[in-house]
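Only one structure is covered here, and it is reproduced in the block below.
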Amino acid sequence: MEFVTYEAKDRVGVITINREKALNALNSQVLDELSEALDGVDLNEIRCLILTGAGEKSFVAGADIGEMSGLTKAEGEAFGKKGNDLFRRIETFPVPVIAAINGFALGGGCEIAMSCDIRICSANAMFGQPEVGLGITPGFGGTQRLTRLVGAGMAKQMIYTARNIKAEEALRIGLVNEIVNAVTDENGNETVSAKDNLMASALKMAGTIAKNAPIAVRNCKKAINEGLEAGMDEAVVIEEKLFGDCFETEDQRAGMGNFLKKKDDPTKVKIVDFINK
Ligand code: DAK
């Protein structure tokens, strides 16, 4: 792949969009390669994914404006479908996906981040849906996911004004979970860059997720996602069913079995090793 890399280590997969010259803007090829990267994730092994962008400056500066500028109505719809299918796939991917947002997350960049389960960002991150300034609407789910994440009032303000917001404001409105700063020594000299520290934090969070029972984590993702699309009566039934499913798994037997054993019992097992369904 030319613009996307995939690395897997210690049960965590890292997908990097690597088109730094165009600030990692999403053209058709990047969208196809992201899809290919997801095809390559070994779900028997991987417990959590991280999605990030190459370089310090930009996570993803949007859909590729150059490519979009010449599209016909039919081509525009096809491009929108390609993006929407991919973003929906990320959103419903069996294991959690963390967006590690290093810099610009504009338009399609904000939208792909919102299709991930969790967003953490560097202090220089910038978020926005600038589409109305370009004469289009957000086309990769922005009107829908932003509204669900930050509420209709704030989403409408961001979308109608096309104003970019900084990391602090994104944190305040609930668009990101956490801001990660560079590490400095007592003299104020940077010892770990914001980008490196962001990846370290994302890997740490992914590692924590990866230590938990894999089927339980997957079922939680499903319950939250599917429940959000349902009314409460239906949503609690979705939760009940996924809770019940856990009782057919080694995850549950080992997890509860461990708890009931004495602290130093050598027969305790690592629940992360099971995935028998
Ligand atoms: N597309 C293509 N190239 C881009 C790009 C983008 N979105 N953003 C940046 N680049 C390229 C620049 O053209 C430049 O390329 P060269 O001139 O060096 O060849 C290079 O990246 C560096 O950018 P700048 O020189 O502009 O860098 P600055 O630091 O000065 O500015 C910036 C950074 C992020 C503020 C600026 O580049 C910028 O404003 N970029 C555009 C941001 C933006 O408007 N993003 C939203 C794009 S619209 C739909 C499907 C999808 C969508 C909508 C509808 N349907 C099918 C219904 C999605 C829409 C969008 O995402």
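List of remarks:
- Taking only the C-alpha atoms of segment 1-147, the Rg (one decimal) and the largest Cα-Cα distance, Dmax (whole number), read 14.3, 45 Å.
- 3J(HN,Hα) couplings calculated from phi for segment 179-193 with the Karplus curve 6.51 cos²θ - 1.76 cosθ + 1.60 (θ = phi - 60°) are, in sequence order, 10, 10, 9, 5, 9, 10, 8, 5, 8, x, 7, 6, 9, 10, 5 Hz; Gly and Pro show x.
- Stretched out straight at 0.36 nm per residue, the stretch from D39 to Q157 would grow longer than its current Cα-Cα span by 38.8 nm.
- Here the contact order of segment 132-277, divided by its residue count and restricted to Cα pairs under 8 Å and six or more residues apart, works out to 15 percent.
- Taking amide H as placed 1.01 Å from N in the peptide plane, the amide H of A213 sits under 5 Å from none that are at least 5 places away or on another chain.
- Once the Cβ-Cβ distance of E75 and E2 is raised to the sixth power relative to R0 = 22 Å, the FRET efficiency obtained is 0.55.
- Point-to-point label distance, M232-K262, nm (Cα→Cβ direction, 7 Å offset): 4.6
- Lys, Arg +1 and Asp, Glu -1 on Cβ, resulting dipole of the chain about Cα centre, debye, nearest 20: 480
- In this simple spin-label model, placing a label point 7 Å from the Cα along the Cα-to-Cβ direction at both N84 and E248 gives a separation of 3.3 nm.
- Cα-based shape type of segment 181-277, given that a ≥ b ≥ c are square roots of the gyration tensor eigenvalues and the cut on a/c is 1.5: oblate
- CD proxy at 222 nm, helix term only [per DSSP H run n ≥ 4: -39500 (n - 2.57); per residue of the chain; nearest 500]: -14000 deg cm²/dmol
- Intensity falloff of the chain expressed as log10 I(q)/I(0), Debye formula with alpha-carbon point scatterers, at q = 0.09, 0.16 Å⁻¹: -0.46, -1.27
- Ratio Rg/Rh, restricted to segment 1-58 and using Cα atoms, in which Rh is the Kirkwood radius: 0.99
- Nearest-0.05 FRET efficiency for E168 and T208, computed from C-beta distance (R0 25 Å): 0.50
- Sorting T16, T143, T92 from the fewest to the most surrounding beta carbons within 10 angstrom yields T92, T143, T16.
A short reminder: the numbers here are calculations on the coordinates, not readings from a lab. None of the values given here were measured: they were computed from a predicted structure. Positions of Cβ are backbone-derived with ideal geometry, glycine not excepted, and every protein chain shown enters the neighbour counts.
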